[in-house]
1. Among the residues of region 153-183, how many are on the phi > 0 side of the Ramachandran plot and either aliphatic (A, V, I, L, M) or assigned to a helix (DSSP H, G or I) (or both)?
2. Anything in region 102-138 that is crowded, with 17+ Cβ neighbours inside 10 Å and outside any helix (DSSP H, G or I)? List them, or say none.
3. Going through region 60-79 one residue at a time, which ones are within 19 Å of V159 (Cα to Cα) and touching a Phe, Trp or Tyr at 6+ places or on another chain (Cβ under 8 Å)?
4. In the set G60, G45, G38, G64, which member is at pLDDT 85 or above, touching an Asp or Glu at 6+ places or on another chain (Cβ under 7 Å) and under 30 Å from V174 (Cβ atoms)?
5. Confirm whether V147 is under 14 Å from the mean Cα position of the chain (by Cα) and surrounded by fewer than 17 Cβ atoms within 10 Å (Cβ to Cβ).
6. List pairs: first residue in region 63-77 and without any contact (Cβ under 8 Å) to a residue 40 or more places away in the chain, second residue β-branched (V, I, T) and assigned to a helix (DSSP H, G or I) anywhere in the structure, Cβ distance under 8 angstrom, at least six positions apart or on different chains.
7. Taking region 116-144 only, how many residues are touching a residue at least 60 places away in the same chain (Cβ under 8 Å) and more than 13 Å from the chain's Cα centre (by Cα)?
8. L194 - would you say it is farther than 17 Å from T70 by Cα, touching a residue at least 40 places away in the same chain (Cβ under 8 Å) and part of a helix (DSSP H, G or I)?
Amino acid sequence: MTAVPGHHGDPHHAAGSPARATDPHGAAVSVWHILALGLITVLFGVAVLVWPAATLRLLGILAGIWLIATGVLRIVRAFRRDHGVHGMADQLLSGALGLVLILGGVACIRNIVTGVIALAVLLGLAWMLSGFAEFLFGLFSKGSTRVWLLVLGVASVVVGLLFLTWPDITPRGVVLLTGITALILGTGEITFALQQRHRPTQSG
């Protein structure tokens, strides 16, 4: 759940900013945005696994909070100015995905989504849409950033497919699958952010 096309702004700002890392190919990465998404996803996974016997209603509320939080981060990112040559497409994709995630989160919290299948479908679609977005952001990027985003994107899509295709999934199955996959993907995003944060920056 991240984003990142190239940025060629002030080289002194790029080298000194703790919120952005630049790879040798000139791709700018909003490190704090990635880190925030990863932390939120990991906390969601932990919260779900802390209550393995959680009711669907509680799981729906937790999922709703997670979807709204990640959606807001996506929309905030859409208003950033460092979107490079793919600026408009990048902003529209981030903004549209953010709105969809927020709507899904509201549906969960308002108990519009009822039943294990409906919740599994909603979570599956959220993971798949996020994964497709990550994959497209990866195509916009270069170097190690491209690799990380493509891998995270494919992993998110695979998780989404698991939710959508698991036959006769039970409430406990939804809880465990949600918690475990959120921990794995969230940890991947955090690792990516830290790797970008500590990589030497280059300007120009």
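The values are calculated or read from the model by the stated rules, or taken from the named source; none is laboratory data. Predicted, not measured: the structure shown is a model, and the values here were computed from it. Methodologically, a virtual Cβ is constructed for each residue, glycine included, from the backbone with ideal geometry; neighbour enumeration extends over all protein chains shown.
1. Of the residues in that region, 0 qualify.
2. V113
3. Across region 60-79, the qualifying residues are L62, A63, W66.
4. Of the residues listed, the single one that is at pLDDT 85 or above, touching an Asp or Glu at 6+ places or on another chain (Cβ under 7 Å) and under 30 Å from V174 (Cβ atoms) is G38.
5. No; evaluated as a whole, the condition is false for this residue.
6. Every condition considered, the pairs that remain are A69/I40; G71/V100; G71/I102; V72/I102; I75/I102.
7. 7
8. Yes; evaluated as a whole, the condition is true for this residue.
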